[in-house]
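Comments concern the structure below.
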2 protein chains.
Amino acid sequence: MNAPESERLTRAALSRLGEPGDLRLLSLVDEFGAAGLYQLLVEERDPEGLLTDVAARLAAVNPTRELDQAARLGLRFVIPGDAEWPSQLGDLAGCAPLHERGGTPIGLWVKGPLRLCDLDRSLAIVGSRAATSYGDSVAGEIAAVAALAGFSVISGAAVGIDVAAHRGAISMDAPTVAVLACGADRVYPSAHRSLLDHIAQTGAVVSEAPPGCAPHRIRFLARNRVIAALARGTVVVEAATRSGALNTANWAGRLNRQLMGVPGPVTSVSSAGVHEQIRLGAMTLVTSGADVLEMVGESGQHLVEAPRGHTTSRDSLTTRQQQVLDAVPVSSRATVDSIARVAGLGMLEVRSSLARLEVDGLVDGGQAGWRLTALAHA
Amino acid sequence: MNAPESERLTRAALSRLGEPGDLRLLSLVDEFGAAGLYQLLVEERDPEGLLTDVAARLAAVNPTRELDQAARLGLRFVIPGDAEWPSQLGDLAGCAPLHERGGTPIGLWVKGPLRLCDLDRSLAIVGSRAATSYGDSVAGEIAAVAALAGFSVISGAAVGIDVAAHRGAISMDAPTVAVLACGADRVYPSAHRSLLDHIAQTGAVVSEAPPGCAPHRIRFLARNRVIAALARGTVVVEAATRSGALNTANWAGRLNRQLMGVPGPVTSVSSAGVHEQIRLGAMTLVTSGADVLEMVGESGQHLVEAPRGHTTSRDSLTTRQQQVLDAVPVSSRATVDSIARVAGLGMLEVRSSLARLEVDGLVDGGQAGWRLTALAHA
């Protein structure tokens with residue numbers, strides 16, 4: 001089941017007319033429907049001043065040609081009503097705007113075999129472009145663990161953490177999704193041509209902006225909401241205090257998605273933004289792919305076993321048995337009487353405790369009294 | 001004002017009879033008073049089996065000699081009712097036990113000029129004995145900042161984080177407090193003789209255990225509650241998942257003290273225990289002395305300024321002005337008409353935005369059109 005082609009044409013036109021995440025345009029679509037709004041503009045009416053803004057673009061728009069050209073570039077335009085439409089994006093409709101951006105996208109331009117409706121089990125991993133090798137390595141590891149568990153890894157194809165996350169998924173031969181701020185046909189940053197080619201062949205390259213669009217600054221703010229909304233949870237691996245990754249994180253929080261942060265050395269500026277958010281209670285601290293899966297996994301499926309240190313035979317002793325053990329000397333031997341005094345416990349109890357400790361191999365009794373065994377020092 | 005000497009003698013005797021933090025003994029003191037309980041024992045009555053346990057010690061106890069010997073070692077025995085008694089220890093009375101240890105100490109053996117009643121502004125800094133140089137450096141830095149702000153730094157004089165914390169305070173010529181698990185006259189670990197000498201001359205070396213006592217394992221568990229109870233807050237800098245520092249942290253939490261943890265690389269086992277506690281919401285993440293002071297400082301005195309990145313002239317632009325700026329080319333010049341189309345905004349607005357951007361020095365207008373200035377790339 002797909003949306004009617006007339007709806008796709010209208011939305012392709014609106015996608016070209018407006019900016020990604022333009023609140024006014026998207027709420028007018030809610031009000032009049034895509035066809036209704038487009039009709040208003042073609043009739044040269046100016047709802048809320050929209051025509052004034054888009055008049056220059058309207059003269060040039062040609063949605064049929066737009067979709068043909070996109071198809072030639074290997075792109076499809078997925079819209080609400082399509083079987084492929086990822087229903088979780090609907091959460092954006094009720095969500096407060098951020099930097100004047102918000103709303104459910106008109107549609108998404110997609111290149112690649114992965115179908116967007118299959119992103120219900122997905123994880124966004126984002127972070128600083130100025131990542132450290134520590135951050136790269138942790139991001140790659142978390143992505144690999146999530147990919148192995150069947151999660152699709154979503155990120156923004158930027159240098160730094162984004163690339164490390166995509167590569168972590170690719171290392172497991174798992175599909176990954178790059179959501180771009182420019183058109184999905186463009187390569188940005190240009191150094192990532194082969195990465196984006198690979199993602200387009202195995203996963204999906206996605207954009208709310210139509211083909212050909214340049215990566216303008218404000219388009220990143222709109223793009224970040226799409227990353228956060230597509231994914232079940234967002235992990236921020238490294239982010240300085242003004243990092244764009246915190247904008248994605250903010251969206252994940254607004255959308256009630258799981259929001260997680262990986263700590264790092266407090267001496268690293270690349271972790272300062274993450275630390276601040278954890279400190280404020282906005283993000284949950286995670287240290288590994290296992291921690292992340294516990295947060296985003298189906299309930300109970302990925303419960304992390306609390307890390308436990310080495311367990312020794314001492315661990316099963318009662319406090320009073322421990323008290324007796326503490327009172328037994330290392331090299332010289334001591335009498336039960338002396339041990340009782342040092343331990344601050346009665347003779348009878350000390351005797352029975354020593355018997356138990358001897359069974360455990362922790363003390364060694366003899367004619368001259370008791371002493372610790374080598375095991376007790378271990 | 002001090003407690004009567006008879007009370008001090010009785011408590012000195014009980015201090016020698018029982019183990020630090022022995023719940024039964026301390027609750028019997030609550031029930032009968034120190035003198036009443038001591039009388040019961042001398043009369044060979046056996047309340048709750050206490051006499052059975054302490055009989056061997058009771059035969060040898062001599063509180064007058066005990067206090068004389070302590071005085072010769074430069075130690076005083078501070079008890080409830082003394083002007084010097086730190087009243088915050090009273091919080092231990094209502095606190096659930098941990099590993100069968102708890103309760104308000106019978107008294108504290110103290111060496112050094114710092115008076116315990118002056119520890120109302122104090123901070124405990126604890127952590128792993130197997131500290132990394134990262135942990136040592138962060139612990140020392142937090143201690144120095146806290147000391148400069150007039151806080152006394154309390155720790156346990158162990159190798160690793162404890163020593164780094166004491167040294168951080170000492171580096172600011174500030175007094176610091178070492179709470180030991182052995183007698184306050186003893187040196188443990190032995191490598192810390194000069195450190196403990198220095199602390200005893202400038203701050204205070206404190207123990208709940210009477211002089212001469214060895215550092216038995218279970219005494220560390222009782223000692224940790226004293227550290228947590230004396231301090232207004234506890235910072236854990238590094239702790240593996242079974243670190244004794246987490247026992248101190250647990251006490252701080254039970255006592256409703258501020259409990260803070262410093263994160264580190266997720267690849268470091270020395271930070272794993274701290275990360276787990278932050279993740280569970282038991283500890284608040286702190287990254288610096290300033291963060292710590294905000295948590296333990298008098299309300300409003302040490303509010304941390306949220307870390308802010310560099311602010312540029314771009315930051316004061318509206319989204320729509322930013323949209324215009326994004327549409328101005330870098331090298332070639334563009335007409336207002338072309339900029340309006342690229343930006344998706346009306347001509348009038350683009351014209352007025354360009355005027356504002358020109359005033360900010362971000363764009364440069366001319367006969368052939370508009371382009372970005374060097375400042376816009378900065």
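The values are calculated or read from the model by the stated rules, or taken from the named source; none is laboratory data. These figures come from a predicted structure and were not determined experimentally. Note: ideal-geometry Cβ built from the backbone for every residue, glycine included; neighbour counts use all protein chains shown.
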> Can you name the condition, by its number, that A:Ala200 falls short on among (1) hydrophobic (A, V, I, L, M, F, W, C); (2) in contact with a helix residue (DSSP H, G or I) (Cβ under 9 Å, 6 or more places away or on another chain); (3) over 25 Å from A:Asn256 (Cα atoms)?
Replying inline: (2)
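Identify, please: which residue in segment A:94-113 is part of a loop (DSSP other than H, G, I, E, B) and crowded, with 20+ Cβ neighbours inside 10 Å and is, among those, farthest from the other protein chains (Cβ to nearest Cβ)? Before the answer, list the steps.
Keep residues of segment A:94-113 that are part of a loop (DSSP other than H, G, I, E, B), which gives A:94-97, A:99-100, A:102-107, A:112-113.
Narrowing the set further to residues that are crowded, with 20+ Cβ neighbours inside 10 Å leaves A:102-107, A:112.
On the way: A:Gly102: 12, A:Gly103: 14, A:Thr104: 19, A:Pro105: 15, A:Ile106: 13, A:Gly107: 16, A:Gly112: 27 Å.
By that ranking, first place goes to A:Gly112.
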> Within segment A:78-93, can one find any residue that is free of Cβ contacts under 8 Å to residues at least 60 places away in the same chain and surrounded by 22 or more Cβ atoms within 10 Å (Cβ to Cβ)?
Replying inline: yes
> Is one or more of the residues making up segment B:258-271 within 9 Å of chain A (Cβ to nearest Cβ), within 22 Å of B:His99 (Cα to Cα) and outside any helix (DSSP H, G or I)?
Replying inline: no
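Which ones in segment A:1-46 are within 26 Å of A:Leu98 (Cα to Cα) and among the basic types (Lys, Arg)? If you could, list the steps in order and put the result at the bottom.
Let us first name the residues in segment A:1-46 that are within 26 Å of A:Leu98 (Cα to Cα), namely A:11-34, A:37-38, A:46.
Of everything in segment A:1-46, those that are within 26 Å of A:Leu98 (Cα to Cα) and among the basic types (Lys, Arg) turn out to be A:Arg11, A:Arg16, A:Arg24.
Taking segment A:44-77 on its own, how many of its residues are of a type in the set (A, V, I, L, M), within 23 Å of B:Val324 (Cα to Cα) and surrounded by 18 or more Cβ atoms within 10 Å (Cβ to Cβ)? Steps first, answer last, please.
Going residue by residue through segment A:44-77, those that are of a type in the set (A, V, I, L, M) are A:50-51, A:54-56, A:58-61, A:67, A:70-71, A:73, A:75.
Narrowing further to those that are within 23 Å of B:Val324 (Cα to Cα): A:50-51, A:54-56, A:58-61.
Now drop any that are not surrounded by 18 or more Cβ atoms within 10 Å (Cβ to Cβ), which leaves A:50-51, A:54-56, A:58, A:61.
Going through segment A:44-77 one residue at a time, the tally reaches 7.
Applying the selection to segment B:344-359, what residues are buried (at least 17 other Cβ atoms within 10 Å of the Cβ) and away from chain A (no Cβ under 14 Å)? Step through it out loud before you land on a result.
Residues of segment B:344-359 that are buried (at least 17 other Cβ atoms within 10 Å of the Cβ), as a first pass: B:344-346, B:349-350, B:353-354, B:357.
Scanning segment B:344-359 gives a single hit, B:Leu354.
Looking at B:Glu238, is it over 14 Å from A:Val266 (Cα atoms) and either within 12 Å of another protein chain (Cβ to nearest Cβ) or not acidic (Asp, Glu) (or both)? Lay out the reasoning, then the answer.
Values: over 14 Å from A:Val266 (Cα atoms): no; either within 12 Å of another protein chain (Cβ to nearest Cβ) or not acidic (Asp, Glu) (or both): yes.
Against the criterion (over 14 Å from A:Val266 (Cα atoms) and either within 12 Å of another protein chain (Cβ to nearest Cβ) or not acidic (Asp, Glu) (or both)), B:Glu238 does not qualify.
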>> So B:Ser27 passes all but one of these: (1) at pLDDT 95 or above; (2) over 22 Å from A:Leu348 (Cα atoms); (3) surrounded by 14 or more Cβ atoms within 10 Å (Cβ to Cβ). Which condition number does it fail?
In response: (1)
>> Please determine whether any residue of segment B:117-127 is farther than 28 Å from B:Glu31 by Cβ and free of Cβ contacts under 8 Å to residues at least 60 places away in the same chain.
In response: yes
> Quick one: how many residues across segment A:22-60 are more than 10 Å from chain B (Cβ to nearest Cβ) and on the phi > 0 side of the Ramachandran plot?
Replying inline: 3
>> Go through (1) free of Cβ contacts under 8 Å to residues at least 60 places away in the same chain; (2) under 23 Å from B:Val206 (Cα atoms); (3) in contact with a helix residue (DSSP H, G or I) (Cβ under 6 Å, 6 or more places away or on another chain) for B:Glu66 and report which single condition fails.
In response: (1)
>> Quick check on my filter: what residues within segment B:322-341 are within 15 Å of A:Ala59 (Cβ to Cβ) and either at the interface with chain A (Cβ under 8 Å from one of its Cβ atoms) or assigned to a strand (DSSP E or B) (or both)?
In response: B:Asp337, B:Ala340, B:Arg341
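Out of B:Ser190, B:Ser152, B:Ser171, B:Ser207, report the one residue that is of a type in the set (Ser, Thr, Tyr) and within 30 Å of B:Thr64 (Cβ to Cβ). Step through it out loud before you land on a result.
Numbers: B:Ser190 fails: within 30 Å of B:Thr64 (Cβ to Cβ); B:Ser152 fails: within 30 Å of B:Thr64 (Cβ to Cβ); B:Ser171 fails: within 30 Å of B:Thr64 (Cβ to Cβ).
Every option except B:Ser207 fails the conditions.
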> Going through segment B:272-285 one residue at a time, which ones are within 7 Å of chain A (Cβ to nearest Cβ), over 17 Å from B:Ala231 (Cα atoms) and outside any helix (DSSP H, G or I)?
Replying inline: B:Leu285
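Restricted to segment A:95-121, and to residues that are of a type in the set (Gly, Ala, Ser) and out of contact with any Pro (no Cβ under 9 Å at 6 or more places or on another chain), which residue is farthest from A:Pro211 (Cα to Cα)?
Let us first name the residues in segment A:95-121 that are of a type in the set (Gly, Ala, Ser), namely A:96, A:102-103, A:107, A:112.
Then keep just the ones that are out of contact with any Pro (no Cβ under 9 Å at 6 or more places or on another chain); that gives A:96, A:102.
Working: A:Ala96: 28, A:Gly102: 21 Å.
Only one residue fits best here, namely A:Ala96.
Any residue that is of a type outside the set (A, V, I, L, M, F, W, C), modelled with pLDDT under 95 and under 21 Å from the mean Cα position of the chain (by Cα) - is there at least one of those in segment A:165-174? Step through it out loud before you land on a result.
As a first pass, look at segment A:165-174 and keep what is of a type outside the set (A, V, I, L, M, F, W, C): A:166-168, A:171, A:173.
Right, trim to modelled with pLDDT under 95 and you get none.
No: zero hits.
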> Residues in segment B:225-255 that are crowded, with 24+ Cβ neighbours inside 10 Å, farther than 14 Å from B:Ser155 by Cβ and polar (S, T, N, Q): how many?
Replying inline: 0
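Could you say whether any residue in segment A:224-239 is of a type in the set (Gly, Ala, Ser) and more than 23 Å from A:Asp291 (Cα to Cα)? Walk me through how you get there before you give the answer.
Keep residues of segment A:224-239 that are of a type in the set (Gly, Ala, Ser), which gives A:228-229, A:231, A:233, A:239.
From what is left, the residues that are more than 23 Å from A:Asp291 (Cα to Cα) are none.
Looking through segment A:224-239, none of the residues is of a type in the set (Gly, Ala, Ser) and more than 23 Å from A:Asp291 (Cα to Cα).
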> When both residues are 6+ apart or on different chains and their Cβ atoms are under 6 Å apart, which pairs have a first residue that lies in segment A:337-365 and is under 11 Å from A:Val324 (Cα atoms), and a second that is part of a loop (DSSP other than H, G, I, E, B) and among the charged types (D, E, K, R)?
Replying inline: A:Gly344/B:Glu19
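Kindly provide the set of residues from segment A:119-137 that are under 12 Å from the mean Cα position of the chain (by Cα) and of a type outside the set (Gly, Ala, Ser), ordered by number.
Kept after step one, since they are under 12 Å from the mean Cα position of the chain (by Cα), are these residues of segment A:119-137: A:121-127.
Hits for segment A:119-137 are A:Arg121, A:Leu123, A:Ile125, A:Val126.
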